[in-house]
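Read the structure below first, then the notes.
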Amino acid sequence: MSDRIFRVANIDARLAPHHWSWAEENRERIAAHWAQRKAAQPAIFNGRILMISETRQERDVLHARFFETDYANLLAWLDWGAPDRSVQNGFAMGALAGADGGFLLGVMAAHTSQAGRIYFPAGTPDLSDVRSDGVVDLTSSITREIEEETGLGSGAYAMEDDWIVVMHEGLTGFMRRLTLPIPAEAARNAILAHLAREEAPELADVRIASSPADIDEQAMPGYLRAFLGWSFGS
């Protein structure tokens, strides 16, 4: 599937029942895979997370239906190259940038499941993101993850109203651009100072991407490389 990157005014994200047959059919293989990953990285936790069963665009709104599953199922699905495309890995992500336009990207710490990978601070939606009316609050997910990983509260940046949707090989990123009032290098120093005060930070470093030359083909996932290329006009 080719990449799709487009803007919409709103995301209608809701929790809905869904039976994921692939996860059920591969239950024993997934359990063995989880045991291997857990042995290598004891800090990872198999909680309940959300994935997407369906997306549908209607004019300037993208409708997304999320369902609940184990993180172990998602991790196996990701590690095995997203073999079942009846579902998608959907996540909200703040495209954090300095006043000079440089994007600020986190390098995942060694104790995380994605150690060494580089992308914007983000997390897989879970049940804490679901409101009482069934809406999956993706904006809240963005602000929470940014603050948890960088120490930057929602008052530290300006958030664009529009959403940028990135679809790449079974992954769907719901992104909003966040712009800080200071240059990227100053913001990087502030984030690194925050990480130094943390006992077990999720990020090991912060990288700045200001041009296509800063796109890391090895450490950045495909959807992020696609987004950065689109943002830089390359």
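The values are calculated or read from the model by the stated rules, or taken from the named source; none is laboratory data. What you see is a predicted model; the values in this text were computed from it and never measured. Here the Cβ positions follow ideal geometry from the backbone for every residue, glycine too, while neighbour counts run over all protein chains shown.
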Check: Among the residues of the range 161-179, is any modelled with pLDDT of 95 or more, assigned to a loop (DSSP other than H, G, I, E, B) and out of contact with any Cys (no Cβ under 6 Å at 6 or more places or on another chain)?
Finding: yes
Notebook entry, point to check: Which residue out of 186, 196, 209 is loosely packed, with under 15 Cβ neighbours inside 10 Å, touching a residue at least 40 places away in the same chain (Cβ under 8 Å) and either over 30 Å from residue 14 (Cα atoms) or of a type in the set (Ser, Thr, Tyr) (or both)?
Noted result: 186
Check: Are any residues in the range 193-233 within 16 Å of residue 102 (Cα to Cα), in a helix (DSSP H, G or I) and not small (Gly, Ala, Ser), and if so, which ones?
Finding: 212, 214, 224, 225, 227, 228, 230, 232
Checklist line | Contacts under 9 angstrom Cβ, first residue in the range 63-75 being modelled with pLDDT of 95 or more, partner among the acidic types (Asp, Glu) and surrounded by fewer than 18 Cβ atoms within 10 Å (Cβ to Cβ), 6 or more apart | finding: 63/12; 63/54; 64/12; 64/54; 65/54; 68/126; 71/126
Check: What's the number of the condition residue 116 fails, among (1) surrounded by fewer than 16 Cβ atoms within 10 Å (Cβ to Cβ); (2) in contact with a Phe, Trp or Tyr (Cβ under 7 Å, 6 or more places away or on another chain)?
Finding: (2)
Next item on the list: Could you list all residues from the range 123-180 that are closer than 19 Å to residue 56 by Cβ and of a type in the set (Phe, Trp, Tyr)?
Entry: 163, 174
Note to self: Test of understanding: among 98, 81, which residue is over 18 Å from the mean Cα position of the chain (by Cα), surrounded by fewer than 22 Cβ atoms within 10 Å (Cβ to Cβ) and over 16 Å from residue 165 (Cα atoms)?
What the structure shows: 98
Note to self: Can you find, within the range 120-170, the residue that is surrounded by the fewest Cβ atoms within 10 Å (Cβ to Cβ) among those that are among the small types (Gly, Ala, Ser) and in contact with a Ser or Thr (Cβ under 7 Å, 6 or more places away or on another chain)?
What the structure shows: 158
